[in-house]
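Every number in this text was worked out from the coordinates using simple rules, so none of it is lab data. Computed from a predicted model, the values in this text were never measured in an experiment. Cβ sites come from the backbone with ideal geometry, for glycine too, and all protein chains shown count toward neighbours.
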Amino acid sequence: MAAPAARRTVGQLLQQAWHEIPEIVATTGLGLIGIGLGALACYNYTKNDGDNRRYKKIYVIMRPDDPRVAKIRKD
């Protein structure tokens with residue numbers, strides 16, 4: 001007869017994983033931090049109008065009543 005399976009918490013599983021495969025656990029954590037920082041950078045880029053460059057590769061034609069006209073740089 002098989003022994004009953006022991007119930008483990010998430011903390012115990014992470015501790016066991018850290019002892020058995022520390023490279024995978026560490027790189028997974030670093031990868032999640034990197035994805036979070038990348039998402040934060042993309043959010044800040046769009047929030048601060050990061051695509052408003054002085055010299056663009058293509059011309060953009062805007063109507064005078066477009067709200068983006070107020071953000072045009074007057075350098």
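A compact table of results
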quantity	calculated
Protection proxy ranking of 21-32, 47-58 - average other beta-carbon atoms within 10 Å, highest first	21-32, 47-58
Rg and Dmax of the chain, Cα atoms only, in Å	25.3, 81
Nitroxide proxy distance, nm - points 7 Å out along Cα→Cβ at ILE24 and ILE72	5.7 nm
Top positive-direction residue, dipole computed over the chain with Cβ charges, set GLY36, TYR59, LEU14	TYR59
Extension gain (nm, one decimal) between LEU13 and ARG54, 0.36 nm per residue minus Cα-Cα	9.5 nm
The chain - mean residue ellipticity at 222 nm from DSSP helices (-39,500 (n - 2.57) per run, n ≥ 4, rounded to 500)	-17000 deg cm²/dmol
Extension gain, MET62 back to ASN44 (0.36 nm per residue minus Cα-Cα distance, nm)	4.1 nm
